[in-house]
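Worksheet: one structure, shown below.
The values are calculated or read from the model by the stated rules, or taken from the named source; none is laboratory data. Everything numeric here is computed off the predicted structure, so don't read it as measured data. In this analysis, Cβ positions are derived from the backbone assuming ideal geometry, glycine residues included, and neighbour counts consider all displayed protein chains.
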Amino acid sequence: MEKIRILLTPLLFLSVISFFLHLYISFFAKEFCFWNRGIIFGLMDFLNPYLLSFFLFSFLIFVICILWKPYLKYWEVFVVLGISSFGNILDRLVHGGVCDYIDIKIFFDFPIFNLNDIFISTALIIILFIVLHDAVFGKQTGE
């Protein structure tokens, strides 16, 4: 499990850069934005953006509070999750939607996303990996 720590510091650094890049694009380079008013893949776009932001922020706090204490040793992954989620929530509160700007059309028309989405997904996969590792080997990493 210590090998995962090698990935966490660069991941944290890149997520902070991604946060500021996302803010720059959503405020100053709006011509690159596709405004996603819903949640993942544009689902539930009929909800009020403030209500949706409240639900997403509450879910983020819930996940961090439940997993924080036993996995405090890997605090970097929670900071990555928080920074990246905060970038999308801030976008939703200020603009009414999230600025998505990466459009990949290689083999099929993939949904448009942003760098914060990549870091949120990566952080959740790492958290899942750590929790499953502890469940299989029967120990808590944070103790």
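Quick notes on this one:
- Considering residues of region 16-36 that are over 12 Å from ASN114 (Cα atoms) and part of a helix (DSSP H, G or I) only, the residue nearest to the chain's Cα centre (by Cα): VAL16
Matching residues to (1) surrounded by fewer than 18 Cβ atoms within 10 Å (Cβ to Cβ); (2) under 29 Å from HIS133 (Cα atoms); (3) touching a residue at least 60 places away in the same chain (Cβ under 8 Å):
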position: ILE17; (1), (2), (3): yes, no, no
position: ARG37; (1), (2), (3): yes, no, yes
position: ILE66; (1), (2), (3): yes, yes, no
position: SER85; (1), (2), (3): no, yes, no
position: PHE107; (1), (2), (3): yes, no, no
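- Boolean, VAL79 is within 15 Å of the chain's Cα centre (by Cα), at pLDDT 80 or above and either of a type outside the set (D, E, K, R) or surrounded by 15 or more Cβ atoms within 10 Å (Cβ to Cβ) (or both): yes
- Scanning region 74-117 for residues that are in contact with a Lys or Arg (Cβ under 7 Å, 6 or more places away or on another chain) and hydrophobic (A, V, I, L, M, F, W, C) gives a single hit, VAL98.
- When LEU81, LEU52, LEU128 are checked against the criterion of being assigned to a helix (DSSP H, G or I), of a type in the set (A, V, I, L, M, F, W, C) and under 20 Å from GLY38 (Cβ atoms), a single residue qualifies: LEU52.
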